[in-house]
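The values are calculated or read from the model by the stated rules, or taken from the named source; none is laboratory data. Remember, it's a predicted structure, so these values are computed and weren't measured experimentally. Here the Cβ positions follow ideal geometry from the backbone for every residue, glycine too, while neighbour counts run over all protein chains shown.
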């Protein structure tokens, strides 16, 4: 698999923390030419200092036109990982229009925006590329207080299927992963309460949350030629949560 990525250009949104950063570093280790995109300028600069060969791009993905300008300026890509995400958990009755709009703008519209630009250039240049969208298990199963987030990830799953259908004839594969709770820094803080964590863990047959590398492994597999006949899937990375 590692040889496949040598010299490939891959764009990773949300690429300076959590699953996104883990994906950037794994692809870098495999010899890819990686561009990490984020609105977090300080974290991007830190990443650049630590890994000088990683390219960085700073933009707020909620800004449709600025995002188009920045992504277009980055050139052609062989792969894209739409990893940037936003979550603001509120129950259905209390879900505000502001939280709903922010969630949709980052988790859904940004994928549409970035993917349109990248895929168009793939088609124009005959690049048989791969796109991986980061969804969630909440697109498949109801979880309390996740109304806006679940709605956004349901949209991601639907978009993934349509993108796969329309881009497949150009040799471009589009897939998604649907992780359970992943132990990023944010995940560890959010699930630090053992009572809260145990209630959720009881629904996961493997009895634990996922680690960043486990999500990264699935992403890298779907990007690679090892997944050359996999297109339009939503792959659970959830320890069996959705099987119960």
Would you be able to say whether some residue in segment 206-215 is within 24 Å of residue 109 (Cα to Cα) and surrounded by 15 or more Cβ atoms within 10 Å (Cβ to Cβ)? yes
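Here is a yes/no grid of residues against (1) surrounded by 21 or more Cβ atoms within 10 Å (Cβ to Cβ); (2) in contact (Cβ under 8 Å) with a residue 12 or more places away in the chain; (3) over 22 Å from residue 117 (Cα atoms):
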{"position": "8", "(1), (2), (3)": "no, yes, no"}
{"position": "23", "(1), (2), (3)": "yes, yes, no"}
{"position": "40", "(1), (2), (3)": "no, yes, no"}
{"position": "46", "(1), (2), (3)": "no, yes, yes"}
{"position": "58", "(1), (2), (3)": "no, yes, no"}
{"position": "61", "(1), (2), (3)": "yes, yes, no"}
{"position": "79", "(1), (2), (3)": "yes, yes, no"}
{"position": "82", "(1), (2), (3)": "yes, yes, no"}
{"position": "86", "(1), (2), (3)": "no, yes, no"}
Out of 135, 130, report the one residue that is within 19 Å of residue 17 (Cβ to Cβ), touching a strand residue (DSSP E or B) at 6+ places or on another chain (Cβ under 7 Å), modelled with pLDDT of 95 or more and buried (at least 24 other Cβ atoms within 10 Å of the Cβ). 135
Count of residues meeting criterion [farther than 23 Å from residue 43 by Cβ and either in contact with a helix residue (DSSP H, G or I) (Cβ under 6 Å, 6 or more places away or on another chain) or not in a loop (DSSP other than H, G, I, E, B) (or both)] in segment 153-198: 30
Which ones in segment 35-56 are touching a strand residue (DSSP E or B) at 6+ places or on another chain (Cβ under 9 Å), more than 18 Å from residue 120 (Cβ to Cβ) and not in a helix (DSSP H, G or I)? 36, 38, 39, 40, 51, 53, 54, 55, 56
